[in-house]
1. Among the residues of segment 135-151, write down those that are surrounded by 20 or more Cβ atoms within 10 Å (Cβ to Cβ) and in contact with a helix residue (DSSP H, G or I) (Cβ under 8 Å, 6 or more places away or on another chain).
2. Name every residue in segment 26-53 that is closer than 26 Å to LEU212 by Cα, touching a residue at least 24 places away in the same chain (Cβ under 8 Å) and in a helix (DSSP H, G or I), in order of residue number.
3. Just checking, does segment 165-176 include any residue being touching a residue at least 24 places away in the same chain (Cβ under 8 Å), in a loop (DSSP other than H, G, I, E, B) and not β-branched (Val, Ile, Thr)?
4. For segment 180-210, what are the residues that are assigned to a strand (DSSP E or B) and over 20 Å from THR154 (Cα atoms)?
5. Among SER155, SER161, which is the only one that is in a loop (DSSP other than H, G, I, E, B), surrounded by 15 or more Cβ atoms within 10 Å (Cβ to Cβ) and small (Gly, Ala, Ser)?
Amino acid sequence: MNAPTVVLKLDDVVNAGHGPGDHWQRAADFLVARRIKAGFGVICDSLEVDDPDYCAWITTLQADGLIEFWLHGYRNRLSADERGEFEQGTTAEHRAVLEHCQQLAQRRLGFTFTAFGSHWTSLNDSFYQAIQEVPTLRVWLYGPEPGTTAYTRTSLVRAASLENPTFVTDYERFVAAYQQAGRHQRVLCLQGHPDRWEGMRWEGFTRIIDFLQHEGCAFATPSETLTLLD
């Protein structure tokens, strides 16, 4: 069996003040130097303020073609928040949030997002119908199992993660999860949070990338899975 194609689902791009911050810059520099494709998830309220430096960082990387930015929800849920943004509400309310995110992206960045992945929230039944009604969102990262909800477009399910537990890269645990389930996927979508990677966590990420390349894995952007999974 051929090695899977890997989609790096890297979460929580926000504006740290005239850019996304040093951790995101390090991740981007590493991936560009290796010519590795990835997806960076944007918390879209970070686009409410017109910050030319932040927007230029996104648009420059997007134009290069290695890193694709995707919709990671509108607001950055905090640990003190009782609920996530899509845990309650109507189809119309959820659709309005997604459409507002797309409008922000078009206005600030000059493009709309092709892929979506939810930010730390459960999803009520109305959300599955809402996202189906936003035709520009054609790929769902860590989405539902095909055929289980109203969503009928491309869904990349969770089979392994870069982190175990969340925010902590663990090379040995990743390799075990890859051997058990990840290597059997045609497309393997891997979640991580670069802004939380210091010291050994960053080293764990680079070791995992080395392992995946040694296994013969190719890397793709989220939208490239539309042709990979035809």
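The values are calculated or read from the model by the stated rules, or taken from the named source; none is laboratory data. Please read these numbers as outputs of a predicted model, since none were measured by experiment. No Cβ is skipped: glycine too gets one built from the backbone with ideal geometry, and neighbour counts run over all protein chains shown.
1. Of the residues in segment 135-151, the ones surrounded by 20 or more Cβ atoms within 10 Å (Cβ to Cβ) are 137, 139-141, 143, 151.
Those that are surrounded by 20 or more Cβ atoms within 10 Å (Cβ to Cβ) and in contact with a helix residue (DSSP H, G or I) (Cβ under 8 Å, 6 or more places away or on another chain): LEU137, VAL139, TRP140, LEU141, TYR151.
2. Filtering segment 26-53 down to residues closer than 26 Å to LEU212 by Cα leaves 26-42.
When the remaining residues are screened for being touching a residue at least 24 places away in the same chain (Cβ under 8 Å), the result is 26-28, 30-32, 34-42.
Residues satisfying the conditions are ARG26, ALA27, ALA28, PHE30, LEU31, VAL32, ARG34.
3. Yes, segment 165-176 contains a residue that is touching a residue at least 24 places away in the same chain (Cβ under 8 Å), in a loop (DSSP other than H, G, I, E, B) and not β-branched (Val, Ile, Thr).
4. GLY192
5. SER161
Yes or no, residue by residue, for (1) out of contact with any Ser or Thr (no Cβ under 7 Å at 6 or more places or on another chain); (2) at pLDDT 95 or above; (3) more than 11 Å from TRP120 (Cβ to Cβ):
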site	(1), (2), (3)
THR59	yes, yes, yes
GLY65	yes, yes, yes
PHE69	yes, yes, yes
ARG77	no, no, no
ASP81	yes, no, no
PHE86	no, no, no
